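The values are calculated or read from the model by the stated rules, or taken from the named source; none is laboratory data. All values derive from a computational prediction rather than experimental measurement. All Cβ positions, glycine included, derive from the backbone under ideal geometry; neighbour counts span all protein chains shown.
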Amino acid sequence: MPLAKALELAQEYDLDLVEVAANARPPVCKLMDYGKFKYESAMKAREARKNQAHTVIKEMKLRPKIDPHDYDTKKGHVVRFLKQGDKVKITIMFRGREQSRPELGYRLLQRLAEDVQDLGFIESNPKQDGRNMIMVLGPHKKKTEAMAEAREAQAARKASRQGDAADDAQGDDADVDVDAEVDADEQVEAPADAG
């Protein structure tokens, strides 16, 4: 369609002539309300930004001579963070003479990495940084997958709670009906005993 005719149609219908594909031969244009188009594209971009997962790095600090129970607690936190899809920065803090034995920190970091290897992988190997030794663990699954899995688990828990509540309500109704039947039988028997 010639440009003049397209512009004439746009004026006739009180719309704008918007070029959609400039690189095509001939260029492709559309008749539309440009303000509405601009608003809708801005809303789509805003929605896409909202749904995009933010990378969060959680930090866990340990000492080289950590107690076994404390280690298990910290490991539990690391597991939770990795399940949520977050990266975890593990820092071993050395004090005093501990700085002369960095292999203790290295062994501790390797042990932690082995304990959580089914949930995450070593993103950056242990390295000494002043008085600290740092290692970063990354999750195997992405943040969005972890969020979706958490939502599904939450919905399943909610459904099971509602199912349990419905079963309890039905059980209570059944108890009431049985009591009502017993009362009716007692009333019928009472006159028979009296006569």
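Looking at the range 7-27, can you tell me whether even one residue there is of a type outside the set (Gly, Ala, Ser), at pLDDT below 90, loosely packed, with under 12 Cβ neighbours inside 10 Å and within 20 Å of the chain's Cα centre (by Cα)?
No: the range 7-27 contains no residue that is of a type outside the set (Gly, Ala, Ser), at pLDDT below 90, loosely packed, with under 12 Cβ neighbours inside 10 Å and within 20 Å of the chain's Cα centre (by Cα).
At pLDDT 90 or above and out of contact with any Gly (no Cβ under 9 Å at 6 or more places or on another chain): which single residue out of ARG111, ARG151 fits that description?
After applying the criteria, what remains is ARG111.
Name the residues in the range 89-123 that are within 24 Å of the chain's Cα centre (by Cα) and among the polar types (S, T, N, Q), would you?
GLN117
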